[in-house]
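A short write-up of the structure that comes next.
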Amino acid sequence: PSGPASLNSSNTSMPIATPTDTPTPTPTVPPPSAGLVLPDDGRWVEVDLSDQVLYAYEWDNLMATFIISSGAWPYVTVTGEYHVYVKYLSAPMAGPGYYLPDVPYIMYFYDGYGLHGTYWHDNFGTPMSHGCVNLRTEDAGWLYDFTSVGTLVYIHD
């Protein structure tokens, strides 16, 4: 016989993986081969949804780390590679079941998804938003000054 059902039983010497300790989560700096295209100033943002943490980089130098609140089901935060396309020092936000006047330090990166300051809760580290990435207002202020239109926003689980 041939094909997958005819495995040779004498060929069973496969290496066995040895479990290792799970490392403490650290920022993910994708290698250049990952294909991330950085703006000319080298500034970019990584959002780790699993850890609810945002990292700000200049090239491969970690500049700041902030705890966040991302989107809660069913309004999950999108994943992928985006770029800040517009910034507002302050603007209203509205959606299904909410209206928030004067949301500070908004950095939109995809449709209505943005990074922004949050004055209506202090439960960071827990997904709570309608898809945006909520930051403490002072952290969002720092990030607003750090980013520009075109800054890469890399979001992953």
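Here the peptides 112-119, 70-77 are ranked by packing, the mean other Cβ count within 10 Å, and the order with the highest first is 112-119, 70-77. Our coupling estimate for segment 142-151, obtained by passing each phi through the Karplus curve with A = 6.51, B = -1.76, C = 1.60 and θ = phi - 60°, is 4, 5, 4, 5, 6, 8, 9, 4, x, 4 Hz, Gly and Pro reported as x. Proximity of backbone amide H atoms, modeled 1.01 Å from N, is registered between Ala91 and Asp102, Val103 at under 5 Å, excluding neighbours fewer than 5 places apart on the same chain. Less than 5 angstrom separates the built amide H of Thr118 from those of Leu135, Thr137, all sequence-distant by 5 or more or on a different chain. Here the 3J(HN,Hα) profile of segment 56-73, calculated from phi with Karplus coefficients 6.51, -1.76 and 1.60 at θ = phi - 60°, is 10, 10, 10, 6, 9, 9, 6, 9, 7, 10, 9, 7, 10, 10, 9, x, 9, 3 Hz, Gly and Pro shown as x. Full extension of the chain between Val76 and His156 yields a length gain of 27.6 nm, computed as 0.36 nm times the residue separation minus the alpha carbon distance. Heavy-atom surface analysis with a 1.4 Å probe gives segment 76-157 a carbon and sulfur content of 52 percent of its accessible area.
The values are calculated or read from the model by the stated rules, or taken from the named source; none is laboratory data. Not measured: the values here are computed from a predicted model. Quick reminder, even Gly has a Cβ in these numbers, built from the backbone with ideal geometry, and neighbours come from all protein chains shown. Just so you know, the surface numbers come from the protein's heavy atoms only, side chains and all, with ligands and any DNA or RNA stripped out. Shrake-Rupley method; radii C 1.70, N 1.55, O 1.52, S 1.80 Å.
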